[in-house]
Amino acid sequence: MTDFTLKTDKDGVAVITWDCPDKSMNVMTFEALGELEACVDQALGDDKVKGIVITAGKDSFAGGMDLNVLAKLRDEAGDDPAKGVFDGVMDMHRLLRKIELAGMDFKTKKGAKPVAAALPGTAMGIGYELALATHRIFMADNPKGKVGLPEIMVGLFPGAGGTTRLVRKMGAMAAAPYLLEGKTLAPGKAKSAGLIDEVVAPEALLEAAKAWVLQANEADLVKPWDAKGYKMPGGTPYHPAGFQTFIGAAAMIHSKTQGVYPAAKALLSAVYEGAQVPFDTALRVEARWFTSVVLNPVSGAMIRSLFINKGALEKGAVRPEGVDDQRVRKVGVLGAGMMGAGIALVSAMAGIEVVLLDQDQAAAERGKSYTESYMDKGISRGKATPEKKEAALALITATTDYAALKGCDLIVEAVFEDPKVKAEVTEAVEKVIGDDCIFATNTSTLPITELAKASKRPEQFIGIHFFSPVERMALVEIIKGKKTGDRAVAKALDYVRQIRKTPIVVNDARFFYANRCIIPYINEGVRMVGEGVAPALVDHAAKLLGFPVGPLQLIDETSIDLGVKIAKATKAAMGDAYPDDAVDEVIFWMAGQGRMGRKAKAGFYDYDDKGKRLGYWDGLAEKYPVREEQPDLTEVQLRLMMAQVLEAVRALEDGVLTDIREGDVGAILGWGFAPWSGGPFSWLDMIGAGKAVEICDYLTETFGARFTTPDLLRDMAGKGETFYGRFGAEAKAA
Ligand code: NAD
């Protein structure tokens with residue numbers, strides 16, 4: 001394998017080209033770092049070489065570190081994993097520092113060879129960190145190009161000097177959006193922000209970098225932090241301005257992460273401590289904090305779910321084998337309401353022809369106009385162009401005429417949630433569409449197998465369950481009815497891939513997977529209000545666990561009347577086994593008071609005219625007085641957590657879920673399940689099955705049978721097993 005090659009031109013510039021074979025984008029491995037170092041050594045040691053340009057042989061520079069390697073770093077570090085990881089990271093620092101100093105005599109600041117980075121396109125993570133170690137960064141004006149350090153998104157922080165260099169380059173405050181939020185920028189904006197130095201036409205990239213290398217003077221090659229009298233922009237922590245920044249940053253990080261994301265805190269510590277010591281010491285500080293984050297189970301779980309497994313699902317890990325390409329050319333969307341309008345939008349943006357059908361032309365047009373206003377917003381924010389808007393609109397035909405559905409290879413039905421209406425449209429559509437067309441329903445509550453009875457070809461009938469708002473939510477739940485065939489599954493997966501979302505495939509059962517888990521979460525919160533637990537304790541307990549919204553806020557968002565409707569239907573289906581009468585008492589009463597949630601500007605919260613939450617509604621405490629003695633925070637958290645997690649385990653036991661990766665990824669993307677945990681199964685593995693059983697037994701005894709330990713969990717506790725050990729992809733393959 002050769003990822004890096006060196007070629008010295010007649011002009012004396014050594015061009016080091018990064019080009020991972022068999023990969024569309026470069027990713028860094030430890031072997032590749034070794035190759036890079038050999039090239040750098042050769043160039044620095046060769047008197048004929050005047051300077052170096054580091055570039056890539058692709059239309060991007062690099063996607064970052066190979067996270068598969070990073071996940072394994074810890075496991076392969078032997079008896080002393082911390083030392084293994086730390087040494088590995090320090091080795092990376094040593095190499096990048098070698099590139100940065102490029103042979104310079106530190107005392108005289110002389111003797112360095114100029115090194116430029118020439119980035120043909122995207123440079124993420126270590127791709128940008130490597131560029132930061134060079135003396136000048138050139139980037140091609142590539143419309144697809146992005147620069148940034150997104151490590152924080154997977155529970156890490158830039159650990160190859162990116163943290164230390166960026167803060168010393170622009171100051172802690174200016175660097176914060178890139179380090180703490182993983183913000184990435186296109187070339188032009190990256191230059192204005194000071195992330196890179198030059199933007200040039202793609203064809204002139206290499207020549208521009210070479211020309212700079214050949215004319216650079218010695219002063220150009222001394223990094224500010226290596227020059228005498230360097231002062232950090234914005235001030236160090238004990239400088240009056242810096243002091244303000246760091247105090248604010250600590251508070252801001254805590255409010256954003258609630259202390260559950262170790263990487264953000266470790267990043268800030270690395271910056272704070274690093275700012276007070278010389279550069280090389282700061283790199284060691286960065287390496288120590290980075291090591292602590294790599295060894296924290298949170299980063300491992302986040303990388304596994306949000307990078308490795310999410311990526312695998314998007315690439316078709318669960319696609320049936322042997323079914324040929326099912327990419328969609330023309331989709332018919334039935335019902336142009338809230339969901340149908342969103343589905344038409346994302347389909348058209350993926351270049352798919354859309355027929356958007358509703359009962360009357362005005363409703364169909366209204367649905368289409370959603371794409372128009374979405375694109376207009378995009379244009380005003382500089383994220384779309386009038387051409388893109390026209391192209392998307394040109395793909396959508398708004399109609400009431402079923403004949404327009406001719407030629408569709410996929411139908412997505414999003415009419416009213418009523419089995420009769422759905423059956424009628426299914427029959428009407430099947431009269432028009434071709435024999436091989438797949439019919440999907442976006443129902444959120446009705447069993448697919450039942451709906452499929454209206455179809456003449458149930459093997460071509462499937463559930464494609466979008467979340468609202470369609471254009472923002474990344475997850476799509478694909479549901480197989482009893483008779484759904486492989487081609488329908490492949491079609492749904494290929495479609496989801498076209499619209500760039502993440503799929504999970506589950507079997508048919510009440511509420512499928514996501515709603516099945518989220519309803520008990522909401523119910524547990526509501527139940528606590530009925531018991532006299534302070535509403536603020538309920539919502540805050542959830543937020544402190546890393547959930548984006550507490551259960552009471554969530555039911556206000558999704559609406560109390562929907563809750564009532566679901567409760568009635570569930571009770572009718574379950575009869576005496578129905579466990580949630582105590583919950584219904586609260587929400588039925590709320591509905592009776594006209595407190596329907598945010599849309600009514602009245603729910604568990606009060607709202608102002610614009611729908612902004614003001615605080616909990618006083619009437620709630622009158623009906624359900626807050627008990628003098630409040631439960632422990634941890635107890636409230638365990639109830640909220642276990643309500644969802646046990647449902648996920650039951651979904652696995654019942655065969656609704658067939659792959660724990662889907663259970664974890666689906667939970668995070670579908671309902672914001674504490675992303676730091678890696679998902680319900682990762683969380684259970686983190687605390688251990690034994691501990692989970694202990695918690696369930698306690699909750700069952702104290703709060704009732706809904707917390708009964710699933711047999712599977714008890715079995716695993718007895719055997720000392722983990723979910724990923726027992727059901728992980730590797731275990732399955734074995
Ligand atoms: P909606 O009421 O906003 O839209 C339904 C649309 O279907 C309306 O425009 C209506 O005119 C049209 N329609 C009704 N009968 C029709 C017929 N016979 N022929 C053609 N058009 C017809 O509802 P929505 O929120 O978009 O939900 C649609 C479906 O998506 C439902 O099955 C719902 O359960 C499901 N769903 C909704 C959400 C959500 O958050 N709203 C999320 C996931 C799934």
Practice item. Could you pull out the residue among LEU657, LEU638, LEU620, LEU684 that is in contact (Cβ under 8 Å) with a residue 60 or more places away in the chain, within 30 Å of LYS310 (Cα to Cα) and not in a loop (DSSP other than H, G, I, E, B)? Key: LEU638
**Study point:** Check on LEU669, surrounded by 14 or more Cβ atoms within 10 Å (Cβ to Cβ), of a type in the set (A, V, I, L, M, F, W, C) and under 16 Å from GLY525 (Cβ atoms)
**Key:** no
Check your understanding: Would it be correct to say that SER347 is surrounded by 21 or more Cβ atoms within 10 Å (Cβ to Cβ), within 16 Å of the ligand (Cβ to nearest atom), not in a loop (DSSP other than H, G, I, E, B) and not basic (Lys, Arg)?
Key -> yes
Revision key, fill the gap. Residue hits (the range 243-282; more than 27 Å from PRO675 (Cβ to Cβ), aliphatic (A, V, I, L, M) and buried (at least 16 other Cβ atoms within 10 Å of the Cβ)) are ALA275, ALA282
Practice item. Check ALA317, ALA364, ALA350 and return the single one that is under 21 Å from LEU405 (Cβ atoms), aliphatic (A, V, I, L, M) and in contact with a helix residue (DSSP H, G or I) (Cβ under 8 Å, 6 or more places away or on another chain). Key: ALA350
Practice item. Restricting attention to the range 563-594, report how many residues are in contact (Cβ under 8 Å) with a residue 24 or more places away in the chain and in a helix (DSSP H, G or I). Key: 15
Review point. Within the range 519-530, can one find any residue that is open to solvent by 20 Å² or more (accessible area, probe 1.4 Å) and either more than 21 Å from LEU646 (Cα to Cα) or in a strand (DSSP E or B) (or both)?
Key: yes
Review point. Has the range 531-543 got any residue that is open to solvent by less than 30 Å² (accessible area, probe 1.4 Å), within 16 Å of the ligand (Cβ to nearest atom) and in a helix (DSSP H, G or I)?
Key: no
Revision key, fill the gap. Across the range 72-88, the tally of residues that are open to solvent by 10 Å² or more (accessible area, probe 1.4 Å) and closer than 19 Å to GLY161 by Cα stands at 7
Exercise for review: May I ask you to list pairs of residues, at least six apart or on different chains, whose Cβ atoms are under 9 Å apart, with the first in the range 595-609 being touching a residue at least 40 places away in the same chain (Cβ under 8 Å) and the second being open to solvent by 30 Å² or more (accessible area, probe 1.4 Å) and of a type in the set (A, V, I, L, M)?
Suggested key: GLY597/LEU562; GLY603/MET596; TYR605/LEU614
Practice item. Could you please give the count of residues in the range 672-681 that are outside any loop (DSSP other than H, G, I, E, B) and open to solvent by less than 20 Å² (accessible area, probe 1.4 Å)? Key: 3
Study note, to complete from the structure: Picking from GLY663, GLY615, the residue that is part of a strand (DSSP E or B) and of a type outside the set (Phe, Trp, Tyr) would be GLY615
Check your understanding: Of the residues that make up the range 692-714, is at least one under 29 Å from the mean Cα position of the chain (by Cα), modelled with pLDDT of 95 or more and charged (D, E, K, R)?
Key -> no
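Residue-wise test of (1) open to solvent by less than 40 Å² (accessible area, probe 1.4 Å); (2) more than 8 Å from the ligand (Cβ to nearest atom).
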| residue | (1), (2) |
| --- | --- |
| ASP324 | no, yes |
| VAL328 | yes, yes |
| GLY340 | yes, no |
| GLU353 | no, yes |
| LYS368 | no, yes |
| LYS377 | no, yes |
| ALA391 | no, yes |
| ALA398 | yes, yes |
Revision key, fill the gap. The correct count of residues that are under 17 Å from ILE126 (Cβ atoms) and β-branched (Val, Ile, Thr) in the range 1-37 is 4
Review point. Out of (1) open to solvent by less than 70 Å² (accessible area, probe 1.4 Å); (2) without any contact (Cβ under 8 Å) to a residue 40 or more places away in the chain, what's the single condition that is false for ALA648?
Key: (2)
Check your understanding: In the range 400-414, how many residues are open to solvent by 60 Å² or more (accessible area, probe 1.4 Å) and in a helix (DSSP H, G or I)?
Key -> 1
Review point. When GLU417 is evaluated against the numbered criteria (1) in a helix (DSSP H, G or I); (2) of a type in the set (Asp, Glu); (3) within 16 Å of the ligand (Cβ to nearest atom), which criterion, by number, is the only one it fails?
Key: (1)
Exercise for review: Would you check if there is a residue in the range 596-607 being among the acidic types (Asp, Glu), in a helix (DSSP H, G or I) and modelled with pLDDT of 95 or more?
Suggested key: no
Exercise for review: Kindly provide the set of residues from the range 42-71 that are open to solvent by 30 Å² or more (accessible area, probe 1.4 Å), assigned to a helix (DSSP H, G or I) and in contact (Cβ under 8 Å) with a residue 24 or more places away in the chain, ordered by number.
Suggested key: GLN42, LEU44, ASN68, VAL69
Practice item. Just one of (1) more than 16 Å from the ligand (Cβ to nearest atom); (2) open to solvent by 50 Å² or more (accessible area, probe 1.4 Å); (3) of a type outside the set (Val, Ile, Thr); (4) not in a loop (DSSP other than H, G, I, E, B) trips up GLY382, so point out which. Key: (4)
Study note, to complete from the structure: Counting only helices (runs of 4 or more DSSP H) wholly inside the range 121-228, the ones holding at least 1 residues that are open to solvent by less than 10 Å² (accessible area, probe 1.4 Å) and in contact (Cβ under 8 Å) with a residue 60 or more places away in the chain are 126-132, 162-170, 172-180, 205-215
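The values are calculated or read from the model by the stated rules, or taken from the named source; none is laboratory data. What you see is a predicted model, and the numbers here were worked out from it, not measured in a lab. Cβ atoms come from the backbone with ideal geometry, glycine included; neighbour counts cover every protein chain shown. Please note that ligands, DNA and RNA were not included when accessible areas were found on the heavy atoms of the full protein model with its side chains. Shrake-Rupley method; radii C 1.70, N 1.55, O 1.52, S 1.80 Å.
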